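Here's the structure, in structure tokens; my notes come after.
The values are calculated or read from the model by the stated rules, or taken from the named source; none is laboratory data. What you see is a predicted model; the values in this text were computed from it and never measured. Don't worry about glycine lacking a Cβ; one is built from the backbone with ideal geometry, like all the others, and counts go over all protein chains shown. Please note that ligands, DNA and RNA were not included when accessible areas were found on the heavy atoms of the full protein model with its side chains. Shrake-Rupley method; radii C 1.70, N 1.55, O 1.52, S 1.80 Å.
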Amino acid sequence: MERKDLLGLRGMPRAEIEALISTAARMRQVGERRIKKVPTLRGRLVVSLFFENSTRTRTSFELAAKRLSADTLSFNVSTSSTAKGETLMDTARNIHAMQPDCIVIRHASAGAPALLARSFPFSVINAGDGINEHPSQALLDMLTMSDHWGALDGRTVAIVGDVQHSRVARSNIFGLATMGARVVVAGPGTMCRRELAALPVTRRHTIDEVVGEADAIMMLRIQRERLGKAMLPSAREYAAFYGLDLDRLQRARPEVLVMHPGPINRGVEIGAEVADGGRSVILDQVTNGIAVRMALLYHLLGREGAVDEG
Ligand code: NCD
């Protein structure tokens, strides 16, 4: 697999997704050792550049880089020169002058990572661009599913809520379709519009329809930052129509997986008992996120080094 950047899962061949997932499963073993570090990316520089808030994604990329012994640098955009009016390209030119090997970028504009990837020789990983894609999240979601199922072929994954504005949903839709799974979606009309018909998904109208047929139910946070006020029902109304509570979960398959990319809004899209309950794999997703990001950094930067050195 020769690639410089990871911008999205749209069009990524199945063999490549499988390679990343299986490398991630191997990388997970590093996190289970007492010394959670291998020398694979020693001397390489990974810079994270987040123009939008993040807890899991940023820390997990940084931890992944550290476990591979890379140096990490984190630009906190609110305190950096962007607040003083510097453009994205100028910020990137300055970072380029520091000779990074990889930039992990999150930006509110779809296409910002692609712009950097086209303009600079360093590797670019898209850690979420507007409503476009969030490929590392979908890869960690697929690793979590394959831990339980093996192959994803023929499985049904329900994505519920604000599908329209979710880059997590889009990356999962592309990745899962490639891996032979079926995606069904449900959500309020304003968050699940007709444009979704262009994607490989089946649209249902109520959460109850998808809960019964799903092998995994992926709940989404309402992307308030990307919505006009008019689209927002009250939290109580949303929970009543689209929230996954214990009552609804009882109608699901007994072995169903409950997933959420985080941050969760307890009592809105997911009930606390469901988030903390026996079917939830939400924290496994977080642990798997580190392994998937190690696999990505390894595939993009470190092919010449061996994984189990040291
Ligand atoms: C998601 C994101 O930022 O797209 N979070 C994440 O990376 N785990 C989902 C969200 O913000 O709702």
Count of residues meeting criterion [hydrophobic (A, V, I, L, M, F, W, C) and within 16 Å of ASN94 (Cα to Cα)] in the range 113-131: 6
Residue satisfying condition, being within 16 Å of the ligand (Cβ to nearest atom), closer than 15 Å to LEU297 by Cβ and among the hydroxyl-bearing types (Ser, Thr, Tyr), within set SER60, SER69, SER123: SER60
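With respect to ARG182, is the statement that it is assigned by TED's automatic domain parsing to the domain that holds ARG279 and away from the ligand (no atom under 16 Å from the Cβ) true? Before you say what the answer is, go through the steps one by one.
Numbers: assigned by TED's automatic domain parsing to the domain that holds ARG279: yes; away from the ligand (no atom under 16 Å from the Cβ): yes.
Criteria met by ARG182.
Quick one: which residue in ALA272, ALA235 is exposed (fewer than 15 other Cβ atoms within 10 Å of the Cβ) and touching a strand residue (DSSP E or B) at 6+ places or on another chain (Cβ under 6 Å)?
Within the list ALA272, ALA235, the selection yields ALA272.
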Single condition ILE21 does not satisfy, out of (1) within 16 Å of the ligand (Cβ to nearest atom); (2) surrounded by 20 or more Cβ atoms within 10 Å (Cβ to Cβ): (1)
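Only one residue in GLY85, GLY130 is surrounded by 15 or more Cβ atoms within 10 Å (Cβ to Cβ) and among the small types (Gly, Ala, Ser). Which one?
Just a single option satisfies the conditions, and that option is GLY130.
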Condition met for ALA92 (small (Gly, Ala, Ser), away from the ligand (no atom under 16 Å from the Cβ), modelled with pLDDT of 95 or more and touching a helix residue (DSSP H, G or I) at 6+ places or on another chain (Cβ under 6 Å)): yes
Single match in ARG253, ARG236, ARG221, ARG248 (criterion: outside any helix (DSSP H, G or I) and under 15 Å from GLY161 (Cα atoms)): ARG221
Residues located in the range 102-113, provided they are touching a Phe, Trp or Tyr at 6+ places or on another chain (Cβ under 9 Å), of a type outside the set (A, V, I, L, M) and surrounded by 20 or more Cβ atoms within 10 Å (Cβ to Cβ): CYS102, ARG106, HIS107
Which numbered condition LEU257 misses (of (1) modelled with pLDDT of 95 or more; (2) within 13 Å of the ligand (Cβ to nearest atom); (3) crowded, with 23+ Cβ neighbours inside 10 Å): (2)
Residue that is farthest from the chain's Cα centre (by Cα), among those in the range 211-231 that are at pLDDT below 95 and hydrophobic (A, V, I, L, M, F, W, C): ALA230
Per-region count, the range 160-208, residues open to solvent by 20 Å² or more (accessible area, probe 1.4 Å), at pLDDT below 95 and within 17 Å of the chain's Cα centre (by Cα): 1
Residue within the range 269-287 that is within 15 Å of the ligand (Cβ to nearest atom), farther than 24 Å from SER136 by Cβ and at pLDDT 95 or above present: no
